[in-house]
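Asker: Attaching a single structure in structure tokens format; questions to follow.
The values are calculated or read from the model by the stated rules, or taken from the named source; none is laboratory data. Since the model is a prediction, treat every value here as computed from it, not as a measurement. Neighbour counts are summed over all protein chains in view; Cβ atoms, including those assigned to glycine, are modelled from backbone coordinates with ideal geometry.
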Amino acid sequence: MLPARKCRWLCMALCLGLTAGCVSKPVYRSGGAQVSPRPSNKPPPQVVAPGPAAHPIDLDKINTDKAYQVGVSSYYGKKFHGRLTANGEVFNMYKLTAAHRVLPLGTHVKVTNLQNGRWVEVKVNDRGPFIEGRILDLSFAAALELEMVKQGTAKVMIEITKPVE
């Protein structure tokens, strides 16, 4: 038979071991290293009809003379959802944000889809895109508003609406 003292220590160690398994895992470790999320069996988000944030305009009335930049845009979402952006914010694929190579972080820009006339205002909070020939990476929500999710890319015009002060 075990002495009472050894039995008490054994019970405490067992309780600690069992409760340690109940602690949730941290999203980020100290030092900024990221832990990759566990794979899930959830289906990807459904493509839904755009909401009131996008404003369609007549394609004939689009004037690119005052545009900051015109080119091909893509979008990013699920793979980067929850990760840190270049300005330190946590990326949320359901917010109206974008990644640009050189625009100052915090700049607000109006992005117009030149194929259908829809436009949306987004905040630049990240760097990218890192694919040659593309000028902007939009969040999933912004891509939904511009109706470019199914194609994956679209020709867009960027206009600066609120520069960083």
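Asker: So is residue 159 of a type in the set (Asp, Glu) and touching a residue at least 12 places away in the same chain (Cβ under 8 Å) or not?
Answerer: Yes: the conditions hold for residue 159.
Asker: Let me ask something additional. For residue 49, only one of the following conditions fails: (1) outside any helix (DSSP H, G or I); (2) modelled with pLDDT of 70 or more; (3) more than 18 Å from the chain's Cα centre (by Cα). What is its number?
Answerer: (2) is the only condition that residue 49 fails.
Asker: Just one of the numbered conditions (1) exposed (fewer than 13 other Cβ atoms within 10 Å of the Cβ); (2) under 30 Å from residue 145 (Cα atoms); (3) at pLDDT below 75; (4) not charged (D, E, K, R) is not true of residue 55; which one?
Answerer: In the conditions (1) exposed (fewer than 13 other Cβ atoms within 10 Å of the Cβ); (2) under 30 Å from residue 145 (Cα atoms); (3) at pLDDT below 75; (4) not charged (D, E, K, R), residue 55 misses (1) alone.
Asker: Would it be correct to say that residue 66 is closer than 15 Å to residue 141 by Cβ and surrounded by fewer than 18 Cβ atoms within 10 Å (Cβ to Cβ)?
Answerer: Judged against the criteria, residue 66 is not a match.
Asker: Could you please find all residues in segment 84-107 being surrounded by fewer than 18 Cβ atoms within 10 Å (Cβ to Cβ) and closer than 15 Å to residue 157 by Cβ?
Answerer: Those that are surrounded by fewer than 18 Cβ atoms within 10 Å (Cβ to Cβ) and closer than 15 Å to residue 157 by Cβ: none in segment 84-107.
Asker: Which residues, counting only those in segment 55-104, are touching a Leu at 6+ places or on another chain (Cβ under 8 Å), among the small types (Gly, Ala, Ser) and closer than 25 Å to residue 117 by Cα?
Answerer: Passing the criteria: 71, 73, 74, 98, 99.
Asker: Do you know which residues across segment 106-157 are assigned to a strand (DSSP E or B) and over 20 Å from residue 93 (Cα atoms)?
Answerer: 155, 157, listed by residue number.
Asker: Can you find, within segment 58-90, the residue that is modelled with the lowest pLDDT among those that are more than 18 Å from the chain's Cα centre (by Cα), of a type in the set (D, E, K, R) and assigned to a loop (DSSP other than H, G, I, E, B)?
Answerer: Among those that are more than 18 Å from the chain's Cα centre (by Cα), of a type in the set (D, E, K, R) and assigned to a loop (DSSP other than H, G, I, E, B), it is 58.
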